[in-house]
Amino acid sequence: MQEVNKVNRKAIIVAMTLLSLLINCGKKEAPNLPGDRKNLKIGICPGPYGDLLKKGVFPELEKKGYKIEIVQFSDYIQPNLALASGDIDANLFQHVPYLKKFTADKNLKLSAIVNVPTAPMSVFAGKTKDPKAIKEKASIALPNDPTNLLRALKLFQELGFIKVNPEALPTKASISDIVENKKQIQFLPLEAAQLPRSLESTDFSAINGNFAIASGLDLTKAVILEKLAEEHKNIIVVREEEKDSVFAKDIVEAVHSSNFETVVDTDFKGFQKPEWFGKRK
């Protein structure tokens, strides 16, 4: 009799297990929507963009319950790798041509969601103060990544130092795109973060706006300021699958807010503004 009861109990347990499995198979899991979260990490490089976010964007996001952490990187390589790997949720440090080339080279899926006012690339005087006094075989430092290198070369062309191949490609530009260099100027491509320090040993340096400001350089004292094309204004970037996510849309809304415009006009004078700026409805 006891053996019969044991068999019955086993049969009941098996039946209940099968029933549970059938019920669960019929249920749909709750969707794990991309971007449906309130804790965000945003990557930046040295410079003014952390303050731009903290003053102009974060207050609007915090009203919606977001908690945001700034993650600072020292170069232009790690922020995109960290974003792709999920270590951060967004970044702000680059322009569109750089993003396109980097993602193509590294096979990453990242997307821009909005561009922001940007500090332009600038040429600063080092050992030689007057560009008209530049000597034979002078030394000039500039960014070593192709897109920013070409921007720098065009600034030096504007100063009359060199002539640049008009067909040079932003994704493949190099020193070899200099087609005329009468003074045999020595160009030294460096990591962007090193450019401010190069002023001590070079005659002139072309420095990305964020690194110039981070090192204490005054943009108003530059030899020449770049006139930024729309594609060279910095962008906030997220993973491609999250470009239409809740948090991405909230970031865009915060950037388009009246508070952001006020902060830019008050605290970030000299920044070159995107075409949408001031057209908010």
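A compact table of results
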| read-out | value |
| --- | --- |
| Where a residue in segment 56-75 is more than 9 Å from residue 254 (Cβ to Cβ) and modelled with pLDDT of 95 or more and its partner, wherever it lies, is open to solvent by 40 Å² or more (accessible area, probe 1.4 Å) and aromatic (Phe, Trp, Tyr), with Cβ under 8 Å and at least six apart | none |
| Some residue of segment 227-238 being among the polar types (S, T, N, Q) and assigned to a helix (DSSP H, G or I) | no |
| Which listed residue is in contact with a helix residue (DSSP H, G or I) (Cβ under 8 Å, 6 or more places away or on another chain), among the basic types (Lys, Arg) and more than 23 Å from residue 273 (Cα to Cα), from 63, 137, 109 | 109 |
| Hits in segment 210-226 (condition: under 21 Å from residue 134 (Cβ atoms), of a type in the set (Val, Ile, Thr) and not in a strand (DSSP E or B)) | 223 |
| Pairs where the first residue, in segment 239-253, is touching a residue at least 40 places away in the same chain (Cβ under 8 Å) and assigned by the TED database to the domain that holds residue 59 and the second is exposed (fewer than 15 other Cβ atoms within 10 Å of the Cβ) and acidic (Asp, Glu), C-beta under 6 Å, 6+ apart | 246/36 |
| Members of segment 99-131 that are assigned to a helix (DSSP H, G or I) and either more than 20 Å from residue 248 (Cβ to Cβ) or over 13 Å from the mean Cα position of the chain (by Cα) (or both) | 101, 104, 105, 106, 131 |
| Listing of strands (runs of 3 or more DSSP E) fully contained in segment 139-209 that carry 3 or more residues being farther than 16 Å from residue 120 by Cα and free of Cβ contacts under 8 Å to residues at least 24 places away in the same chain | none |
| Sole exception among (1) within 23 Å of residue 56 (Cβ to Cβ); (2) open to solvent by 60 Å² or more (accessible area, probe 1.4 Å) for residue 184, by number | (1) |
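The values are calculated or read from the model by the stated rules, or taken from the named source; none is laboratory data. Everything numeric in this text was worked out from a predicted model, so none of it was measured. Quick reminder, even Gly has a Cβ in these numbers, built from the backbone with ideal geometry, and neighbours come from all protein chains shown. Side chains included, ligands, DNA and RNA excluded: accessible areas come from the protein's heavy atoms. Shrake-Rupley method; radii C 1.70, N 1.55, O 1.52, S 1.80 Å.
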